[in-house]
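This report concerns only the one structure given below.
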Amino acid sequence: TNENQNEAVTKTCDQVVKTEDWHPADVGMWFTATAPSSRWDFVKWDGCHSTSDNGTKCYVKASCCGSADWSPKATFVDDDNPTITYGPNEEFLDTQERTVKMWFSADEGDSTYTCRWDAAQFTSCTSPKEFTLQPGERTFEVRAWDPSGNGSNVVSRKIRVIDTALNAAGPNGLTNSRTAGFGFTTQGGTGFECALNSFVYADCSSGFITYHGLGDGGYTFRVRGKADGGWYDRIPEKREFTVDGTPPETTINPLL
């Protein structure tokens with residue numbers, strides 16, 4: 001049975017009683033070797049009195065008028081290597097800077113995995129696995145291992161981690177200026193996208209942007225680093241400020 005996949009485990013069969021006429025040579029039982037899954041190949045039977053069907057069937061027998069215990073053993077071999085069938089794919093977190101989850105799976109559901117970044121040493125990992133990384137282009141590699149110790153080919157994925165910083169210059173909080181200028185830098189990016197009071201970003205790759213003629217009211221400025229290939233900082237830097245450029249009106253009440 002599939003329960004007995006380890007020679008240290010014994011599966012006890014039910015007793016068989018033969019009531020019709022019989023000959024001592026007939027007292028026995030046939031076993032058929034069936035692989036637990038398609039990746040296993042049958043090798044041989046041990047502990048049989050005889051075999052048939054190219055060795056896939058095993059016969060054990062007992063002597064007349066008594067009982068006997070036999071432990072036939074079927075050996076299978078797993079020569080099939082697992083294959084990475086999904087991923088590795090990345091999921092950038094929007095709650096923690098420079099943090100990414102990597103997702104992957106293999107065609108053998110009981111596989112384990114080893115992973116590494118940038119040609120470092122492979123270590124054990126699971127899917128999904130969360131990593132906080134330094135900015136720049138990074139290479140992730142993963143390999144699957146089945147319980148028999150067969151390994152898949154190494155599958156890799158290149159990603160770009162981008163971080164963004166706002167300079168101290170520019171309004172912050174309350175201001176009476178109707179002009180707002182911001183400077184910014186990036187690690188891992190090659191340009192920038194900016195947005196004011198929206199999430200509709202436009203290119204601002206000069207590293208500085210100025211807004212003129214702002215009306216009174218509240219504003220939120222956002223900037224994120226970007227790079228070719230659709231990469232961008234998932235957590236943009238932002239600055240909130242309020243413009244109040246209207247002076248108060250003063251009146252003089254006449255003395256009574």
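Suppose the chain between ASP216 and THR126 were pulled fully straight at 0.36 nm per residue; how much longer would it get relative to their current alpha carbon spacing? Kindly include the intermediate steps, with their values, before the conclusion.
Details: separation 90, 0.36 × 90 = 32.40 nm, distance 5.20 nm.
Additional length available on full extension: 27.2 nm.
Amide H neighbours of PHE92 under 5 Å, at least 5 residues apart or on other chains, H built in the peptide plane: list them.
HN-HN under 5 Å from PHE92: LYS101.
Pick from ASN176, ASN54, ASN153: which is most flexible by mean-square fluctuation in a GNM of the chain where alpha carbon atoms under 10 Å apart are linked?
Of the options given, ASN54 has the highest mean-square fluctuation.
Name the most mobile residue of GLY28, GLY151, GLY109, meaning the one with the largest mean-square fluctuation, in a Gaussian network model of the chain with Cα contacts below 10 Å.
GLY28
Out of TRP117, TRP103, TRP40, any idea which swings most in a Gaussian network model of the chain, alpha carbons joined below 10 Å?
Of the options given, TRP40 has the highest mean-square fluctuation.
For region 99-114, list residues with backbone N below 15 Å from a point placed 7 Å from the Cα of SER156 toward its Cβ?
none
So for the chain, if I pair up every lysine 8 or more residues apart or on another chain, how many of those pairs have alpha-carbons under 22 Å apart?
17
Before anything else, pin down the relative contact order of the chain: Cα pairs under 8 Å, at least 6 apart, normalised by residue count, whole percent.
Working: 533 pairs, mean separation 31.2, N = 256.
The normalised contact order for the chain reaches 12 percent.
Note the listed values (1) 1.24; (2) 1.83; (3) 1.98, then indicate which one is Cα Rg over 2.2 N^0.38 Å calculated from this particular structure.
Comparing each candidate, only (3) matches the computed number.
Using the per-residue mean of other Cβ atoms lying within 10 Å as a proxy for protection, in what order, highest first, do the peptides 180-191, 87-98 fall? Mind showing how you got there, number by number?
Numbers: 180-191: 18.7, 87-98: 14.8.
Highest to lowest by the protection proxy: 180-191, 87-98.
Have a look at PHE122, MET29, VAL161 and report the one farthest towards the positive end of the charge dipole of the chain, computed about the Cα centre with Cβ charges (Lys/Arg +1, Asp/Glu -1).
The one lying farthest along the dipole's positive direction is VAL161.
So which GluC sites (Glu not before Pro) in region 192-256 are both in a DSSP loop and have at most 15 other Cβ atoms within 10 Å of their Cβ?
Filter output for region 192-256: GLU249.
Given the peptides 41-49, 218-226, arrange them by the average over their residues of other C-beta atoms within 10 Å, most packed first.
Put in order of decreasing packing, that is 218-226, 41-49.
Bear in mind that the values in this text are calculations on the coordinates, not laboratory data. Since the structure is predicted, the reported quantities are computational estimates derived from the model, not experimental observations. Positions of Cβ are backbone-derived with ideal geometry, glycine not excepted, and every protein chain shown enters the neighbour counts.
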